[in-house]
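Have a look at the structure below before the remarks.
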């Protein structure tokens, strides 16, 4: 899968927000709030091919969490991203 083009991650104060820009903004009029971890993952895979394993590897490497915990967290995150329409298969 890939992150959808036309979205930019911005920092507003201490929050991370994904906003639509350009043509994408005409069909998508929301801002998506992300915590620091989700923002880190987004930045690492932005415009690259990735899968759940890629994201789990990033979590394990960056935060030292257990692999099973990372996989569970990634599955929940991917479901959220898919529902928001910000990634494509």
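The values are calculated or read from the model by the stated rules, or taken from the named source; none is laboratory data. Please read all numbers here as calculations on a predicted model, not as lab measurements. Please note: Cβ atoms are built from the backbone with ideal geometry, for glycine as well, and neighbour counts cover all protein chains shown.
Would you check if there is a residue in segment 71-83 being exposed (fewer than 11 other Cβ atoms within 10 Å of the Cβ), in contact with a strand residue (DSSP E or B) (Cβ under 9 Å, 6 or more places away or on another chain) and at pLDDT below 95? Give the derivation first.
Taking segment 71-83 first, the residues exposed (fewer than 11 other Cβ atoms within 10 Å of the Cβ) are 76, 79, 83.
When the remaining residues are screened for being in contact with a strand residue (DSSP E or B) (Cβ under 9 Å, 6 or more places away or on another chain), the result is none.
The answer is no; no qualifying residue exists.
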Given (1) within 24 Å of residue 12 (Cβ to Cβ); (2) surrounded by 14 or more Cβ atoms within 10 Å (Cβ to Cβ); (3) at pLDDT 95 or above; (4) in contact with a helix residue (DSSP H, G or I) (Cβ under 7 Å, 6 or more places away or on another chain), index of the condition residue 52 fails: (1)
Which listed residue, of 76, 84, is free of Cβ contacts under 8 Å to residues at least 12 places away in the same chain and out of contact with any helix residue (DSSP H, G or I) (no Cβ under 7 Å at 6 or more places or on another chain): 76
